[in-house]
1. Per residue, how much accessible area does the range 439-489 show when a 1.4 Å probe rolls over the protein heavy atoms, in square angstrom?
2. Largest first and in whole Å, give the semi-axes of the range 440-535's equivalent ellipsoid, each being the square root of 5 times a Cα gyration tensor eigenvalue.
3. Through the Karplus equation 6.51 cos²θ - 1.76 cosθ + 1.60, θ set to phi - 60°, convert the phi angles of the range 655-664 into ³J(HN,Hα) values in whole Hz; use x for Gly and Pro.
4. Name the long-range amide H neighbours of Ile505: under 5 Å, sequence gap of 5 or more, or other chain; modelled H, no Pro or chain starts.
5. Based on the Cβ-Cβ distance from Val307 to Gln216, what FRET efficiency comes out when R0 is 41 Å, to the nearest 0.05?
6. Simple spin-label model, 7 Å along Cα-to-Cβ: Gln484 to His445 in nm?
7. Phe381 to Asn647: FRET efficiency via 1/(1 + (r/R0)^6), r the Cβ-Cβ distance, R0 60 Å, to the nearest 0.05?
8. If the chain between Leu470 and Ala495 were fully stretched, how many nm would it gain, using 0.36 nm times the residue separation less the Cα-Cα distance?
Amino acid sequence: MERNLNSTTGSGQEALDVKPLRSLAPMFPSPLGLNTFTQSTTPPFICVTPFGPFPAEPDSGNSSGFCPPFPPFASPDAHGQRPVNPGSRTTDNGVTHFGAVRSANGPINATPISSYQTPPSSMDGDEEPLFTTQISASGRKIKRPAHLSSYRTSGSGGIGGSDGSKAKRVKAVRKILDKDLVLLSPISDDPRESVEMVLMTFDALRRRLLQLDEVQDVNRRPDLKAGAMMLSNNIRANVGKRIGVVPGVEIGDLFYFRMEMCIAGLHAPSMAGIDYMTAKFDNQDEPAAICIVSAGGYENDDDDVDVLIYVGQGGSNKNEEKHDQKLERGNLALERSTYRKNEIRVVRSAKDPTCQTGKIYIYDGLYKIQDSWKEKAKTGFNVFKYKLLREPEQPDGIAVWKMTQKWKENPSSRGRVILPDLSSGIENIPVCLVNDVDDEKGPSHFTYVTRVKYLRPLSMMKSLQGCRCLSVCLPGDTGCSCAQQNGGDLPYSSAGLLVSRKPMIYECSASCQCSQNCRDRVTQKGIRLHFEVFRTRNRGWGLRSWDPIRAGTFICEYTGEVIDEVRVDMDDDEDDYIFQTTCPGEKTLRWNYGPELLGEPSRNVSPESYKSLPVTISAKNMGNVARFMNHSCSPNIFWQPVQHDHNDDEHPHIMFFAMKHIPPMTELTYDYGISGADACKEEKRTVVGSRRAKRCLCGSPNCRGSFG
């Protein structure tokens, strides 16, 4: 049985009134900012001071308030002598190394200190401000998200506008946020669930803002707007800075925008590559680097998956004349971390041609600086370089990315392949069948198909109304009938990502005059991912991708035979391949952008109000990769009804989309829904051939114990 078993286990900033934190458990705020105290073994919560007590060196000309560290940049002692660093050395080519001096006491002794607001950081490029200060009618200063005053939604309840109703709308939004934003809260106190819900909300809000911007044909950086709106409403995770592990963030996690790392608590600066703080080491306050992003802006050497040569910040800002890098701010923190050997989180970037920015960020785990030195860069100016080594016994991060990239270039390099293409050439991209677990030679026999077989021909079903758009359907075109069917907006972004979940999505059909390049023809074009069907250890066969998958990406269709009006034999293993539109679970129902944040009516559907569709599909004898997807109570994909070749809304196509960003080689799972008997009880109706309840093995904190 391939499907009846389970999925894998879940592989602004205000000053705080800090008490002695050694006596407190780390705080993991929910997206609403409702602090949940959870026992944890993570490093102590430590926050940053504005600049730290770093007096300028008297003869250094350094007016930034930072004190240079040890040789060759250490401050002179009372006798005017600079201390000697036993690890420093100067080579024949003039490169000065100032290797770390490790305390004989072993691990660092970092004591939490009082927290303050995050200091301004050096920018690697232009950055839009997250917040602007405005003066109210009473003369009071109000901090609000940047650009929000120029933003106007397409509906009557939007934010913005210059008429007298603006204040009323803002008050209404505030009231909604105070009372109804609980819909955006995580479904569990688990830090991982909190981080995932915050990131899902951010990306869904960003997609909605982009959709609204496209209607007005403008580009206002929806990622920055979404981040600013969430931060201003305290919808974030892991408030404050800390050394080491960030609760709820796992190695291999993907980020498509810097702002995603900010709201997850992984890396605070929205532009700068070095995140740092002031910590107390052996009763001495010092700056410490806590996270770096290797984004390709400098001459970093990151070919080795366990070693990173990182170039310090500064000296090449496009808004100023190039100059030697200075030992201040992030560079100073890295230098101190070389000496203290504290753990540093490392985020690596990789090229992704499917992404509009062409770049993706991957959290690669904890590193420590082994060595550091100063040398001349290609620009002719001096830069600081730091050699970081990855801590052992951590899950693979960037290594998985590099491995799958090689497989895509040469599929034969993937070991333990049973079949190079399970689809026999039917799919756009071959589907690899592999087994790294046992000697099983493959799944039970079935016919691979890419379309649903209906009980009656499509010619006998009502056809969709076609649009008369020339070339492609355009956002904001009030004359586009397909957009009007979808509530006035095209359901997909220009990148082909689903904006939000709806009861039904209508794509352009054969009766439309637009071309096949129209953005409203996403699912009917077939799969675009490199899939592999693989053998799991305890759940039969499963499905995963060699590609990174972005939230909102189309995965595949559930194909097979429509068998509604036909009784399913409950004693037959056909039940293992049955798809029914039972309630998909709260997490799936809440996959939305939080319209309350934009002053729009809530679109959330509760399990109590959910209405299923009568369509039932069996993939026992015929199907595609969807038949191998296992169940999880904490899924990473969801199903969405879509119409594109007929207008019988009771028998739509069942399409799967990514609920969140999914790293390569992560099993793809969806929520099978409530078990048959429970589903009947919930919906107060009788279901012919309802599926049997099965024991759930997903192991998630929200596991229901069984699924249907």
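1. 67 Å²
2. 31, 18, 12
3. With the stated coefficients, the range 655-664 comes to 10, 10, 10, 6, 7, 8, 5, 10, x, x Hz.
4. Val642, Gln643
5. That pair, Val307 with Gln216, gives E of 0.30.
6. Once both label points are built, they end up 5.2 nm from each other.
7. Working: r = 65 Å, r/R0 = 1.09.
That pair, Phe381 with Asn647, gives E of 0.35.
8. Here the answer is 7.0 nm.
The values are calculated or read from the model by the stated rules, or taken from the named source; none is laboratory data. Predicted, not measured: the structure shown is a model, and the values here were computed from it. Neighbour counts run over all protein chains shown; Cβ positions are idealised from the backbone, glycine included. These area figures cover heavy atoms from the full protein model, side chains too; ligands, DNA and RNA do not enter into them. Shrake-Rupley method; radii C 1.70, N 1.55, O 1.52, S 1.80 Å.
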